[in-house]
Amino acid sequence: MGLSRPQKPPSGIPTRWVSLFCIVSFFLGVLVVNRFWDPVEVEEEASSAQKHRRNEVHPMVICDKDVSVRTGNILSRVSQTRDVINTLDKTISSLERQLAAARAAKADTEEGSPVVTKSGTKDLNESRRVFFVMGIITALRNRKRRNSIRETWMPQGEELKRLEKEKGIIIRFVIGHRWCFGSCYQCGRRATQGLFAPVVAKWDADFYLKVDDDVHVNLGVVSSTLARHRHEPHVYIGCMKSGPVVAQKGIKYREPEYWKFGEGNKYFRHATGQIYAISKDLATYIFVNRHILHRYANEDVSLGSWFIGLDVEHIDDRSLCCGTTPADCEWKAKSGNHCGASFDWSCSGICKSSVRMKEVHQRCGEGDQAIWDTSF
């Protein structure tokens, strides 16, 4: 009789349940994916990530372009601002001259002003811009000196009119007899300050020159010198010097206010008074402030003191202070290097100029045609 094996109870998960679990998991997975994983969004995110990577790889390309554009805009605005400032500056300068002219007209009726002679010519359009105005400081009694200049280096009649029209050069004698009191020395130092009031109000020029009536001038050389500095503002041109301050009484050129110049006992650098030139802005400054500008004993020192503290370019031109000896202006003339101005230091001008001006002109003059051949 055979024995039967006992039956083992079933173990594990039935197969049909495993199959059912797999099917349910599949459908759940499909539902989850369709809800939270949008293929479009994934594509956009991928595209954005690629762009970001490109930006990280080439950041300077876009940056340089943006900076270049911004820099160009800034430079353009700076240029426009500069143009506006220049226009306003010119307008303000014009208004200051008009205001100063009104003040001068009022002051002239009260204290008198220098007489600007016309040398036999009618003024042209005085409102137009000219190259330079030369004022020759003279006294009423110095008629012979004025005649010696008219007969030598200063054009006359139609030639003077032509000089004004073609070259923009105005030359006038400035006589200060109406308001000069006391010594001739006092007259001279006040005439320089008074020169700019009528001249600046009358003519709009690039430069204003002061010349003594005992100095020989070559207009062609002076014009060329000024032309080199025509576009420079705040220019002060002359033979610069710095001499000792004279404190002793009874000596010529004594400076009563010598103590103001300190222990060094020397003047500051300034142009010698026989001839000098200043640009338009400096002349206007003197014109507007002439009533409060301090005058020292020496006219040239006074002028130099007015420019201390201002942004002024001092130009030392030694051709404006040649001597009249054969070894100086005459030798330079023969070598083709004419002087702009000549005089004798010992006399602070040409000694006996009313007699010797013609002789100096013959030896040191540049020739009557020189000014017409000079281009500027």
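Could you give every pair whose Cβ atoms fall below 6 Å, whose first residue belongs to region 331-349 and is among the charged types (D, E, K, R), and whose second residue is buried (at least 24 other Cβ atoms within 10 Å of the Cβ) and in a helix (DSSP H, G or I), counting only separations of at least 6 or pairs across chains?
Sorted first by the residue in region 331-349, then by its partner, the list stays empty.
Out of the helices (runs of 4 or more DSSP H) lying entirely within region 249-343, which hold 1 or more residues that are in contact with a strand residue (DSSP E or B) (Cβ under 9 Å, 6 or more places away or on another chain) and farther than 30 Å from residue 370 by Cα? Spell out how you get there, then give the answer.
Numbers: elements: 280-289, 299-306, 331-334.
Filter on region 249-343 gives 280-289, 299-306.
Give just the number: which of (1) open to solvent by 40 Å² or more (accessible area, probe 1.4 Å); (2) within 23 Å of residue 240 (Cβ to Cβ) does residue 334 not satisfy?
Of the numbered conditions (1) open to solvent by 40 Å² or more (accessible area, probe 1.4 Å); (2) within 23 Å of residue 240 (Cβ to Cβ), the odd one out for residue 334 is (2).
Is it fair to say residue 229 is open to solvent by 10 Å² or more (accessible area, probe 1.4 Å), assigned to a loop (DSSP other than H, G, I, E, B), modelled with pLDDT of 90 or more and under 29 Å from residue 361 (Cβ atoms)? If you could, list the steps in order and put the result at the bottom.
On the way: open to solvent by 10 Å² or more (accessible area, probe 1.4 Å): yes; assigned to a loop (DSSP other than H, G, I, E, B): yes; modelled with pLDDT of 90 or more: yes; under 29 Å from residue 361 (Cβ atoms): yes.
Yes; evaluated as a whole, the condition is true for this residue.
When region 135-155 is examined, which residues are found to be within 33 Å of the chain's Cα centre (by Cα) and open to solvent by 50 Å² or more (accessible area, probe 1.4 Å)?
Going through region 135-155, the residues within 33 Å of the chain's Cα centre (by Cα) turn out to be 135-138, 149, 153-155.
Result: no residue meets the conditions.
Checking the conditions here, which among 200, 221, 211 is in a helix (DSSP H, G or I), open to solvent by less than 20 Å² (accessible area, probe 1.4 Å) and among the hydrophobic types (A, V, I, L, M, F, W, C)? Before the answer, list the steps.
Working: 221 fails: open to solvent by less than 20 Å² (accessible area, probe 1.4 Å); 211 fails: in a helix (DSSP H, G or I).
After ruling out the rest, the residue left standing is 200.
Only one of 299, 366 is open to solvent by 20 Å² or more (accessible area, probe 1.4 Å), of a type in the set (Asp, Glu) and within 28 Å of the chain's Cα centre (by Cα); which? It would help to see each step written out before you state the result.
On the way: 366 fails: within 28 Å of the chain's Cα centre (by Cα).
Criteria check complete, one pass: 299.
Here's a check for you: in region 254-293, which residue that is among the β-branched types (Val, Ile, Thr) and either in contact (Cβ under 8 Å) with a residue 40 or more places away in the chain or within 26 Å of residue 345 (Cα to Cα) (or both) is most open to solvent (accessible area, probe 1.4 Å)? Before you say what the answer is, go through the steps one by one.
Our first condition is that a residue be among the β-branched types (Val, Ile, Thr); within region 254-293, this holds for 272, 275, 278, 284, 286, 288, 292.
Right, trim to either in contact (Cβ under 8 Å) with a residue 40 or more places away in the chain or within 26 Å of residue 345 (Cα to Cα) (or both) and you get 272, 275, 278, 284, 286, 288.
Numbers: 272: 2, 275: 3, 278: 0, 284: 10, 286: 0, 288: 45 Å².
The selected residue is 288.
The values are calculated or read from the model by the stated rules, or taken from the named source; none is laboratory data. The model shown is predicted, which means the values in this text are computed figures rather than measured ones. Every residue, glycine among them, receives a Cβ derived from its backbone with ideal geometry; neighbour counts consider all protein chains shown. With ligands, DNA and RNA removed, areas are computed over all heavy atoms of the protein, side chains included. Shrake-Rupley method; radii C 1.70, N 1.55, O 1.52, S 1.80 Å.
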